[in-house]
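Here is the structure we will look at.
The values are calculated or read from the model by the stated rules, or taken from the named source; none is laboratory data. Note that the structure is predicted; figures quoted are calculated from it, not measured. Please note: Cβ atoms are built from the backbone with ideal geometry, for glycine as well, and neighbour counts cover all protein chains shown. For accessibility, only protein heavy atoms count, side chains too; no ligands or nucleic acids. Shrake-Rupley method; radii C 1.70, N 1.55, O 1.52, S 1.80 Å.
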Amino acid sequence: MEKIVALCKRRGFIFQSSEIYGGLASTYDYGHYGVLLKSNVKGEWWRAVVQERDDMVALDAAILMHPRTWEASGHVQSFTDPLVQCMGECKKRWRADHISTEGGYARCPECGGGLSEAREFNLMFETFMGPVREDAARIFLRPETAQGIFVNFKNVLQFARRKPPFGIAQVGKAFRNEITPGNFIFRTREFEQMEIEFFVPPADAPEWHQRWMDDRMRWYTDLGIRPDHLQLRAHGEDELSHYSAGTSDIEYLYPIGWSELEGIANRGTFDLSAHTDASGTRLEWVDGGSGERYIPAVVEPAAGVNRSMLAFLCDAYHEEVVAERERTVLRLHPQIAPVKVAVLPLIPRDSGMAERARALHAELRRVMVAEHDDGGQIGRRYRRQDEIGTPWALTVDEQTLEDDTVTIRDRDSLAQERIPISGAREHLLDRLGAPWSPPARDA
Ligand code: ATP
């Protein structure tokens with residue numbers, strides 16, 4: 001993990017937040033390549049779950065919601081983690097369910113001291129709306145995007161003219177006052193979710209639950225994650241959230257071990273029933289023809305943007321020796337790579353090459369993220385692009401001036417071939433649209 005953190009800092013993907021003030025614990029800012037990578041991950045998610053389906057629509061609900069939302073949803077009462085405090089030297093606070101009880105009893109992981117009794121700690125951040133800090137003005141930062149979807153169920157039914165089975169997709173920030181955040185961007189207090197609430201006739205929920213598990217596993221492998229780095233794990237009875245009739249996690253083999261990447265829950269009719277009872281608005285499906293009415297069940301695939309990004313980075317990170325030189329390469333799927341192509345004039349000061357490279361870059365950047373780099377030795381420039389995961393580099397050299405061709409270098413195979421400059425754009429667009437899988441390599 002340290003190597004990933006170092007690369008992310010070195011290349012400007014991710015920085016510690018508020019660094020000049022000593023940093024704010026487990027809070028991160030995303031730099032240029034981080035923003036591009038994150039936005040590509042979200043873009044691929046939107047493409048797979050909305051653009052390429054007939055049964056999904058998009059939503060963007062506000063982060064701030066009526067406080068009664070969180071009473072009805074059960075979060076005020078039950079969105080808690082068990083908190084214990086070290087009674088020994090360090091007095092640190094821990095999540096009781098994350099502490100090993102090897103040997104029969106739990107001890108502080110930091111100093112080995114005894115631990116207090118567990119008490120339930122609510123993870124929602126509170127704030128106040130308006131100028132008066134009183135209970136009536138107390139609101140929460142949403143701890144999940146899901147509730148914004150449930151409270152809009154009626155709006156979507158009406159305006160998107162949908163009937164179950166159909167789903168609503170949303171991407172947005174969520175906030176949880178985690179007791180022990182950490183492991184870089186794996187667990188932070190502010191993060192982004194990509195959530196789907198898929199509404200189905202209750203009898204069909206188990207079937208749709210299975211379908212979504214298959215679909216979502218495929219999404220990760222289609223984008224290049226090694227299948228042996230992914231697993232589905234069904235929650236035990238004692239782990240199930242207050243709303244869940246069955247949850248399975250997609251886990252990824254992070255450097256910290258197998259950990260949750262996405263949760264796929266069968267939430268039953270819990271949410272729509274709870275909001276119907278609390279608000280008095282009937283959140284149900286009514287068939288205009290037969291008059292049949294029912295409250296749909298919900299299947300929820302809930303993924304983390306930041307955790308997905310970390311999984312893509314971990315899977316792509318590779319160190320190898322090529323021509324007796326070490327290189328670090330991010331073998332990201334071309335669709336999610338921050339930069340698709342780099343245009344490199346071999347001799348920057350040669351006006352012919354510089355001019356051709358500039359013109360090619362200007363043409364390419366209109367259809368994909370392209371970089372122009374004329375600084376330093378060509379080998380250095382290649383390695384820089386390898387480190388940020390750019391799948392292709394086009395080199396403009398002497399031959400370009402003679403026959404209007406450029407060299408295209410492949411990040412993974414390092415193969416170089418010559419292509420006509422006039423066909424470079426089409427060539428790259430074809431390769432971007434083609435299926436991709438990571439090259440075979442050692443475990
Ligand atoms: P965990 O058990 O790791 O605390 P969770 O089961 O509470 O996670 P969900 O409520 O299912 O998580 O949230 C859906 C997804 O949101 C998770 O699979 C994860 O990718 C992401 N997520 C949840 N909490 C965090 C966090 N603190 N930081 C980053 N991502 C998070």
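Tabulated data for the structure shown
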{"read-out": "Of the criteria (1) touching a Cys at 6+ places or on another chain (Cβ under 8 Å); (2) open to solvent by 20 Å² or more (accessible area, probe 1.4 Å), which one Tyr254 fails", "value": "(2)"}
{"read-out": "Scan of region 191-231 for residues that are open to solvent by less than 20 Å² (accessible area, probe 1.4 Å), under 24 Å from Cys8 (Cα atoms) and away from the ligand (no atom under 16 Å from the Cβ), ordered by number", "value": "Gly224"}
{"read-out": "Residue match in region 304-327 (condition: under 27 Å from Gln210 (Cβ atoms), in a loop (DSSP other than H, G, I, E, B) and touching a Phe, Trp or Tyr at 6+ places or on another chain (Cβ under 8 Å))", "value": "no"}
{"read-out": "Candidates Ser259, Ser290, filtered to the one that is hydroxyl-bearing (Ser, Thr, Tyr), within 12 Å of the ligand (Cβ to nearest atom) and closer than 26 Å to Glu207 by Cα", "value": "Ser259"}
{"read-out": "Residue in region 232-244 that is in contact with an Asp or Glu (Cβ under 9 Å, 6 or more places away or on another chain), farther than 24 Å from Asn40 by Cβ, crowded, with 17+ Cβ neighbours inside 10 Å and not small (Gly, Ala, Ser) present", "value": "yes"}
{"read-out": "Unmet criterion (only one of (1) more than 12 Å from the ligand (Cβ to nearest atom); (2) open to solvent by less than 30 Å² (accessible area, probe 1.4 Å)) for Thr188", "value": "(1)"}
{"read-out": "Answer residue from region 262-287, given it is part of a loop (DSSP other than H, G, I, E, B) and either within 30 Å of Asp97 (Cα to Cα) or of a type in the set (A, V, I, L, M) (or both) and is nearest to the ligand (Cβ to nearest atom) among those", "value": "Thr269"}
{"read-out": "Condition broken by Ser39, with the remaining ones in (1) at pLDDT 95 or above; (2) of a type in the set (Gly, Ala, Ser); (3) over 19 Å from the mean Cα position of the chain (by Cα) satisfied", "value": "(3)"}
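Per-residue answers, yes or no, for (1) surrounded by 12 or more Cβ atoms within 10 Å (Cβ to Cβ); (2) more than 16 Å from the ligand (Cβ to nearest atom):
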residue	(1), (2)
Gly88	yes, yes
Ala96	yes, no
Gly112	no, yes
Ser116	yes, yes
Gly130	no, yes
Asp135	no, yes
Ile139	yes, yes
Thr145	yes, no
Phe153	yes, yes
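Residues checked against (1) at pLDDT 95 or above; (2) under 22 Å from Leu37 (Cα atoms):
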position	(1), (2)
Val343	yes, yes
Pro348	no, no
Leu360	yes, no
Tyr382	yes, yes
Ala393	yes, yes
Glu398	no, no
Val406	yes, no
Asp410	yes, yes
